[in-house]
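The values are calculated or read from the model by the stated rules, or taken from the named source; none is laboratory data. Everything numeric in this text was worked out from a predicted model, so none of it was measured. Ideal geometry is used to build each Cβ from the backbone, glycine not excepted, and the neighbour counts take in all protein chains shown. Heavy atoms of the whole protein, side chains included, go into the accessibility calculation; ligands, DNA and RNA do not. Shrake-Rupley method; radii C 1.70, N 1.55, O 1.52, S 1.80 Å.
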Amino acid sequence: MFDFVRNNTRVLFFILLLLVIPSFVLIGTVDRIPGRGEQQQEVAHVGRQGITQAEWDRAHQQNVDRIQRQMPDMDIKAFDTPVAKMAALEDLLRQKVLAEAAKDFHVQVTDENLRRTFATDPQFSSVRNPDGSVNKALLAAQGMSSEAFTEMLRQGIAEQRVVAGVANSGFLPASLSKVATEAFFQQREVQVQYFEPSAFASKVLASDEQLQAFYKEPAMAARFLVPEQVDVEYAVLDLAHLSRDIQVSDDELKATYAKILKDTPQRFGKPEERRASHILIGLGSSEQGRANARAKADALLEALKKNPRSFAEVARKNSEDAGSAKSGGDLDYLSRDGLVPAFADALFSLKEGELSDVVETDQGYHIITMTAQRGGEIRSFESVHDELLAELRKSEAQKKYVDASLEFTNMVFEQSDTLKPAAEKWKLELLTAKGLTRNGKPGDAITASPKFLEAVFASDAIRDKRNTPAIEIGPNQLVAARVVQHEPARQPALDDVREPLRGAFVERESAVLARKAGEETLNTLKAQPPATLSQPSELVSRAESGNFPRQVLEKVLLAPAAKMPAVVGLDLANKGYAIALITRVVGVDPSIAKDPDKVRSSFAQAWSEAEDKAYFEALKKRFNAEIKVKQ
């Protein structure tokens, strides 16, 4: 299969590389992305499997939420753009294509593969507990169960395996490397003239008839559609609530404190740390070298015993630990954790200022002195009182939760027309969420939970206004909800959206006029390319893109260089039109000679990305994948 892809794409991609494909500057433009349409409207498909508007909206919202969690101070509107939305759809399509390929190619991911990837991949460190298990509470806060996370991880590994064979096999014949690299980093002198829509806006007259026709276009109707909404009330039963009324006496707390000090005293003790200095003599590569190293270490120790104050000077002159020798052998404060046993035992047996005997480790022979110590104190009962109280309450609540969760589940089912009896029995607050859409409330772990949204938007929950089943949306956390009010998706009256509709119409028609003016000018210039335009010239290359948008740079670098000057045009969609006059090809950008390793890396990356892109395009054809909205 990989051979098939290469045989049909390598020649093409080499030719494109010679014409300077800007692989790492390719950024697609989005002419117009429809707003939120009917939730089941199909926006893309992979074979017979459709991708709906609801799935697209949800994927984009998840991306925005993820960015918001990682960068809470960032203005999230900067990521809620047509380009970002289209990127979410393309990513969704890619996932489904690779999932289909994984099934078709019989890619198997074992439980051992899962465990190894989760334990070693840095991207999962944030959801890994210190003992290597999954942090279920953190997953629940993001509306994901451990089962869903496991399935996501399994699918991700399978998808990586589908593309790994091509992604890691980029190859360019050495005989062509120099020619291709020089073409890749070629410089071109260019002038660019822009036809911006704002310059044509005054020429657009939006009549009532035009606005009505514009509003009836599917894309605009979808853009201004008011999404389906529900008002819900819900109750949450969890450990935090059950623990509130649990009473724990001081005697119980003191008994627990005493037991912890007896069984695991380190829990309430500050770790003891000792500041150490050492002199290291390497073991040598032979038996004789080892004997010589030991003899040297013994001699240094005898000298230090006679003059302990000379330790720092002896370390600077003799220690083979380059990192600490310059500071007189100082290793700063160390705890037992992380030290090899022989070194730790010697260090923690010393008194301040005392010298150790020669200590042997895999690194060599050490002479150690302890210069200071700190920590080791036990926290008082008073300082851990609240911590123990919360722990015992939680432990007792976990015992109560088993019975309470079963009774709660039965009660919301048996008395399905109201949540009040369940709320009163467990003293739960009846919470409300108004105007909730199928995307949920961003940032709220409950109302953004896929399980919660699936339950409240179920047809019987909307139709009958009865309680949903009790839903487990996190560890030891149950939620039951009831739809109070439902508003179907609706099209607002034109007068309610007249101004934003007028703005969208003027924007589109201005872009049409700008494009028309640009194309007419381009045709004129192509007939007789001028020596110059009124705009200033810039020298651009792969290494230096100048002040031009990426898509303009792409067009400039792809233009045939056989005859200069050359004129090319580029439709910038809702940003208008651009005409570029390429006056000359200068040669290879001299800046690349400063860092040849970076040049090779950039070129190899571009080649690999080109193969990956070609492979994915082949997979899209194989599995009949297509994005149906305009981009």
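Listed values, structure above:
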item: Counted residues, segment 393-406 - those being open to solvent by 40 Å² or more (accessible area, probe 1.4 Å) and in contact (Cβ under 8 Å) with a residue 12 or more places away in the chain; result: 5
item: Members of segment 569-579 that are in contact (Cβ under 8 Å) with a residue 40 or more places away in the chain, aliphatic (A, V, I, L, M) and closer than 14 Å to residue 190 by Cβ; result: 578, 579
item: Residue 550 being under 30 Å from residue 226 (Cα atoms), open to solvent by 80 Å² or more (accessible area, probe 1.4 Å) and in contact (Cβ under 8 Å) with a residue 40 or more places away in the chain; result: no
item: Condition check for residue 260: modelled with pLDDT under 85 and either of a type outside the set (Asp, Glu) or on the phi < 0 side of the Ramachandran plot (or both); result: yes
item: Single match in 306, 351 (criterion: of a type outside the set (Asp, Glu), open to solvent by 80 Å² or more (accessible area, probe 1.4 Å), more than 30 Å from residue 260 (Cα to Cα) and free of Cβ contacts under 8 Å to residues at least 40 places away in the same chain); result: 306
item: Residues within segment 365-390 that are free of Cβ contacts under 8 Å to residues at least 12 places away in the same chain and open to solvent by 60 Å² or more (accessible area, probe 1.4 Å), tallied; result: 4
item: Verdict on residue 454 being under 19 Å from residue 231 (Cβ atoms) and either in contact with a strand residue (DSSP E or B) (Cβ under 6 Å, 6 or more places away or on another chain) or at pLDDT 90 or above (or both); result: yes
item: 2 or more residues under 28 Å from residue 402 (Cβ atoms) and open to solvent by 30 Å² or more (accessible area, probe 1.4 Å): qualifying helices (runs of 4 or more DSSP H) within segment 433-527; result: 450-456
item: Test: residue in segment 170-190 that is modelled with pLDDT under 95, of a type in the set (D, E, K, R), surrounded by fewer than 18 Cβ atoms within 10 Å (Cβ to Cβ) and closer than 30 Å to residue 440 by Cβ; result: no
item: Test for residue 362: is it at pLDDT below 90, part of a loop (DSSP other than H, G, I, E, B) and not small (Gly, Ala, Ser); result: yes
item: Test set (1) open to solvent by 50 Å² or more (accessible area, probe 1.4 Å); (2) of a type outside the set (Asp, Glu); (3) touching a Lys or Arg at 6+ places or on another chain (Cβ under 9 Å) - residue 291 fails condition number; result: (3)
item: Residue 626 being assigned to a strand (DSSP E or B), closer than 30 Å to residue 41 by Cβ and modelled with pLDDT of 70 or more; result: yes
item: Residue list for segment 75-84, restricted to those being open to solvent by 70 Å² or more (accessible area, probe 1.4 Å) and either modelled with pLDDT of 75 or more or in a loop (DSSP other than H, G, I, E, B) (or both); result: 75, 80
item: All helices (runs of 4 or more DSSP H) inside segment 209-322 with 2 or more residues being of a type outside the set (Gly, Ala, Ser) and closer than 30 Å to residue 499 by Cβ; result: 218-223
item: Segment 493-536: number of residues that are under 38 Å from the mean Cα position of the chain (by Cα), over 28 Å from residue 225 (Cα atoms) and not hydrophobic (A, V, I, L, M, F, W, C); result: 1
item: For residue 602: the one exception among (1) farther than 26 Å from residue 513 by Cα; (2) assigned to a helix (DSSP H, G or I); (3) at pLDDT 80 or above; result: (3)
item: Unmet requirement for residue 544, which otherwise passes all of (1) touching a strand residue (DSSP E or B) at 6+ places or on another chain (Cβ under 9 Å); (2) under 18 Å from residue 576 (Cβ atoms); result: (2)
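Okay, residues lined up against (1) under 30 Å from residue 578 (Cα atoms); (2) open to solvent by less than 30 Å² (accessible area, probe 1.4 Å):
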position: 198; (1), (2): yes, no
position: 203; (1), (2): yes, no
position: 207; (1), (2): yes, no
position: 210; (1), (2): yes, no
position: 216; (1), (2): no, no
position: 229; (1), (2): no, no
position: 232; (1), (2): no, yes
position: 244; (1), (2): no, no
